[in-house]
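Novice: Submitted below is the structure of interest, expressed as structure tokens.
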Amino acid sequence: DLGFDPYQTMEPTPTPDSTPTPPPTMGGTPLIVDVVPELDDTNGEATTAVDTDKVKDALDEADSSGGIKNIEFTVQKVEGADAYITELPKEFFTKTDIEYKISISTEFGTLEVPSNMMSHPEMLKEIVQASDIQFVIKSIDREELSSELKALIGNRPVVDISIAVDGRELAWNNPDAQFRVSIPYTPSSQELDNHEHIVVLYINDAGAPVSVPSGRYDTAAGCVTFTTTHLSRYAVAYVHKTFTDIGSYGWAKNQIEVLASKGVINGTSDTTYTPGADITRADFMILLVKALGLTASVDSNFDDISKNDYFYEYVGIAKKLGITSGVGNNKFNPREKITRQDMMVLTTNALKIAGKISSTGTAADVQRFTDKSLIASYAVEGVATLVKEGIVVGSGDVINPRGNASRAELAAIVYKIYNK
């Protein structure tokens, strides 16, 4: 629901010059190929080498009706294995676009790798002399963790995911390609009742946990899933973050707590969220990009955004993907409070680019609102689309397009986006 803040006009956010094209459907049913690894008893590594012909044959046979082919190499479980290493020819991961996805499924987790994984120029330099890429997923002994991490993670899974060439680990990072990771996990009954608080933590080089916003529990698959553009150690955890000042915001309390627990949103302090405060255009863009897990190489930005700004990367991603073209003259007005209609235009653009929606609203979808005449012409389609999708319902017969959106209201909207 959107409330009744005073109307306020600001320079509009124009719709991108061209309508964003949703990505192709993420493929048909995966083709399953069973492979048997060989265990090295001296180091606990179970290795499988898949040759070029085997990959080509699988791709030829895979279902292409969904737009992208999916093949899955299912690695047989080996007793005593601490790590699984799957070697695949590098030629299948240097495409400029996502033509197919190759999954590697092990007892510790599944890696879904896009065909453009190594397309970044820096990554191509790293593999110029290599013939194969080794994909490694290793179960981490908790004794390797700090006491703080042990307390936070408990007995939940911790895995180290990496790639290597010729036995040399690569610091893979490609903002134009994402790994999708699934880790098998059986929650406790309490966790299952509140499964939205099952999260994924990235353990950085300093050994500190960092929330992975895309991490969530898939109740149907019995796995924790997340996407990432860099590889490291990842852990499953249960986090229930709350704030002292959201008790009277019952309609948004759960949404705020879930998004804060996952690292999508932050409080204004460790204990407060300040739910009634307005939100800026830049801060909203951070929430939108995080909630949808959007990534891209940022090679330019708006003139009123500095590389030192904490929102530089997020607004840059939105600009690169075509979510926003700014407010004119290559400006974004990042510190201006965002209006509801601009929030809805940006959200609609982002959802289309993420492939979450394909429908488009019309003026008929906002006909019931008594203040529909206040919707700027550039925003009608964006507002109408979110109303049609049920993401925005207004407050009674009012949608208040030119009012500012509060932090609580934005949490409610972003929560719907996150779960769409």
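Novice: Scan region 343-393 for residues that are among the aliphatic types (A, V, I, L, M) and assigned to a loop (DSSP other than H, G, I, E, B) and jot them down.
Specialist: Ala354, Ile357, Ile375, Ala376, Ile391, Val392, Val393, listed by residue number.
Novice: Let me ask another. Restricting attention to region 319-342, which residues are among the hydrophobic types (A, V, I, L, M, F, W, C) and in a loop (DSSP other than H, G, I, E, B)?
Specialist: Across region 319-342, the qualifying residues are Ile323, Val327, Phe332, Ile338.
Novice: What is the residue count in region 258-283 for residues that are open to solvent by less than 30 Å² (accessible area, probe 1.4 Å), more than 24 Å from Asp176 (Cβ to Cβ) and assigned to a helix (DSSP H, G or I)?
Specialist: Counting residues in region 258-283 that are open to solvent by less than 30 Å² (accessible area, probe 1.4 Å), more than 24 Å from Asp176 (Cβ to Cβ) and assigned to a helix (DSSP H, G or I) gives 5.
Novice: For a quick check of your reading of the model, give me the residue pairs whose first member lies in region 346-360 and is under 15 Å from Ile413 (Cβ atoms), whose second is among the acidic types (Asp, Glu) and in a loop (DSSP other than H, G, I, E, B), with beta-carbon atoms closer than 6 Å and at least 6 apart or on different chains.
Specialist: Sorted first by the residue in region 346-360, then by its partner, the pairs are Ile357/Glu389.
Novice: Next question, about the same structure. Is region 89-101 home to any residue that is at pLDDT 95 or above and aliphatic (A, V, I, L, M)?
Specialist: So far as region 89-101 goes, no, none of its residues is at pLDDT 95 or above and aliphatic (A, V, I, L, M).
Novice: Return the pair list, or none, for Cβ contacts closer than 9 Å from residues in region 364-392 that are closer than 13 Å to Thr347 by Cβ and surrounded by fewer than 17 Cβ atoms within 10 Å (Cβ to Cβ) to residues that are aromatic (Phe, Trp, Tyr) and at pLDDT below 95, at least 6 apart or on different chains.
Specialist: Hits for this filter: zero, empty list.
Novice: Among the residues of region 100-144, which ones are over 19 Å from Asn173 (Cβ atoms), open to solvent by 20 Å² or more (accessible area, probe 1.4 Å) and in a loop (DSSP other than H, G, I, E, B)?
Specialist: Glu107, Phe108, Gln129, Ser131, Asp141, listed by residue number.
Residue-wise test of (1) at pLDDT below 95; (2) outside any strand (DSSP E or B); (3) hydrophobic (A, V, I, L, M, F, W, C).
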residue	(1), (2), (3)
Ala177	yes, yes, yes
Glu191	no, yes, no
Phe226	no, no, yes
Tyr234	no, no, no
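Novice: Would you confirm whether any residue within region 162-180 is within 18 Å of the chain's Cα centre (by Cα), under 26 Å from Leu294 (Cα atoms), of a type in the set (Val, Ile, Thr) and buried (at least 18 other Cβ atoms within 10 Å of the Cβ)?
Specialist: Of the residues in region 162-180, the ones within 18 Å of the chain's Cα centre (by Cα) are 172-180.
Still in the running and under 26 Å from Leu294 (Cα atoms): 172-180.
Add one more test, that the residue is of a type in the set (Val, Ile, Thr), and what stays is none.
Checked against the condition, which is being within 18 Å of the chain's Cα centre (by Cα), under 26 Å from Leu294 (Cα atoms), of a type in the set (Val, Ile, Thr) and buried (at least 18 other Cβ atoms within 10 Å of the Cβ), region 162-180 yields no hits at all.
Novice: Just checking, does region 301-318 include any residue being within 24 Å of the chain's Cα centre (by Cα), open to solvent by less than 40 Å² (accessible area, probe 1.4 Å) and either modelled with pLDDT under 95 or of a type in the set (Lys, Arg) (or both)?
Specialist: no
Novice: Residue by residue through region 234-266, note down the ones that are in contact with a Lys or Arg (Cβ under 9 Å, 6 or more places away or on another chain) and within 23 Å of Asp141 (Cα to Cα).
Specialist: Ala235, Val236, Ala237, Tyr238, Val239
Novice: A further question on this structure: Among residues belonging to region 209-223 that are assigned to a strand (DSSP E or B) and of a type in the set (Ser, Thr, Tyr), point out the one that is most open to solvent (accessible area, probe 1.4 Å).
Specialist: Ser211
Novice: Let me ask you something else. Mind listing just one residue for me: the one in region 33-45 that is within 31 Å of the chain's Cα centre (by Cα) and closer than 18 Å to Pro89 by Cα and, of those, least open to solvent (accessible area, probe 1.4 Å)?
Specialist: By that ranking, first place goes to Val35.
Novice: Could you check region 76-92 and list, in sequence order, the residues that are farther than 17 Å from Thr52 by Cα and out of contact with any Gly (no Cβ under 7 Å at 6 or more places or on another chain)?
Specialist: Across region 76-92, the qualifying residues are Gln76, Lys77, Val78, Glu79, Tyr84.
Novice: Also, I was wondering about something else. Taking region 46-75 as the search range and keeping residues that are of a type in the set (Ser, Thr, Tyr) and within 19 Å of Gly109 (Cβ to Cβ), which one is surrounded by the most Cβ atoms within 10 Å (Cβ to Cβ)?
Specialist: Only one residue tops the list, namely Thr48.
Novice: Taking the condition of being touching a residue at least 60 places away in the same chain (Cβ under 8 Å), under 16 Å from Tyr238 (Cβ atoms) and either open to solvent by 10 Å² or more (accessible area, probe 1.4 Å) or in contact with a His (Cβ under 8 Å, 6 or more places away or on another chain) (or both), how many residues in region 185-208 meet it?
Specialist: Final tally of qualifying residues: 2.
Novice: Of everything in region 234-257 that's among the aliphatic types (A, V, I, L, M) and under 13 Å from Val200 (Cα atoms), which residue is surrounded by the fewest Cβ atoms within 10 Å (Cβ to Cβ)?
Specialist: Val239
Novice: What are the pairs, 6+ residues apart or on separate chains, where a residue within region 239-253 that is in contact (Cβ under 8 Å) with a residue 40 or more places away in the chain has its Cβ under 9 Å from a residue that is of a type in the set (A, V, I, L, M) and in a loop (DSSP other than H, G, I, E, B)?
Specialist: Filtered contacts from region 239-253: Ala252/Ile246.
The values are calculated or read from the model by the stated rules, or taken from the named source; none is laboratory data. Since the model is a prediction, treat every value here as computed from it, not as a measurement. When we count neighbours, we look across all protein chains shown, and the Cβ atoms used for this are built from the backbone with ideal geometry, even at glycine. Ligands, DNA and RNA are stripped out before the accessible areas are found, and what is left, the full protein with its side chains, is counted by its heavy atoms. Shrake-Rupley method; radii C 1.70, N 1.55, O 1.52, S 1.80 Å.
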